[in-house]
Structures are given as C-alpha cells and as structure tokens.
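Quick notes on the structure that follows.
Any read-out appearing in this document is the output of simple, stated calculations on the displayed coordinates, not a laboratory observation. Here the structure is a predicted model, which is why all the values come from computation and not from measurement. Positions of Cβ are backbone-derived with ideal geometry, glycine not excepted, and every protein chain shown enters the neighbour counts.
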Amino acid sequence: MTTHPTRDRATRAGQLHDPAYQAFLLLRSAFTVAPIVFGLDKFVNVLTDWPGYLAPWVDSLVPGTAQQVMYVVGVVEIAAGILVAVRPLIGGYVVAAWLAGIIVNLLLIPGFYDVAVRDVGLLLAALALARLAATFRRTAPRPARTETLS
C-alpha cells in the first residue's frame, strides 16, 4: 500500500469544511483549554473560591484541607486537558467520567443544583467529543506489506 502525501493533505483540507470535523475541533479545543485553565485556577482561586465547591462530607473523608484537595483536583484537570489535546478519544471519556464525579459532588451540596445541571451538558459534550474523535482519529500510514518466500 502506498501513501499519497498530496492526497492526504487534500483530504485533511477538505475536512476543514466538514461541519462534523469543525464540531470535533471546537470540542477538542474547548476540552483542552477549559480543564487546563480551571485546573491552574485551583492553585490561585481567581475565578472562584474552589474549596466551597467541595461537598462537606467529602472534605471530612479526605486528609488535609479542602484547598489541598483542590490542588489534587487541579493536577487531575490539567492532566485531563493535556490528554484531550493528544488523545481526544481517550481524553473525552476521561473528562466525561471526571464530570460525572463533579456532578455527584455538586448534587450533595444544597444550592449547587444549577451548576450540576450545567455540568450534565458538559458531560454530554465530552461524550460527543469522544465519539467524534473515533471518527476523525488520525492513523499513521502503514508501510506496504511485503511477502517473503521461504
């Protein structure tokens, strides 16, 4: 099997006009940038007071302070964003699972139900990213098969 670099480039350029591919790029970009930004903010609390989003009973179960838990959460979110950037198929499912955990946590805090519902939408978008990544995953060109006679 031979590869045709010109045709491969033309196919990729044609994908840029495909609405499904555009949706994939949009979701991939959003789920790369947002987790990294929110993860970094767990260390500085500029966007909000993140420890306030930790269910009190969860805070009582884990060692350390709520802020220390947020440091761990921040590292996980940064790693998830990087994973989406390099492996969106896997990263989409990881972010969806992470969001499911966030949703459960938020449902355990009175007054945070609206944020939990918003995160359900984000979870569905992360699943859509993973499904689109399955369609648009890049495959490396395979070398031509040669058979040897023995």
Q: Output ³J(HN,Hα) for segment 124-132: one whole-Hz value per residue in order, computed from phi by the Karplus curve 6.51 cos²θ - 1.76 cosθ + 1.60 with θ = phi - 60°, and x for Gly and Pro.
A: 5, 5, 5, 5, 4, 4, 4, 5, 5
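Pulled fully out, how much extra length does the chain show between GLN67 and TYR21, if you take 0.36 nm times their separation in residues and subtract their Cα-Cα distance? Walk me through the numbers before you get to the answer.
Working: separation 46, 0.36 × 46 = 16.56 nm, distance 3.88 nm.
Length gained, GLN67 through TYR21: 12.7 nm.
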**Q.** Spin-label proximity, TRP57 to segment 100-122 - amide N less than 19 Å from point 7 Å beyond Cα toward beta carbon
**A.** 100-114, 116-117
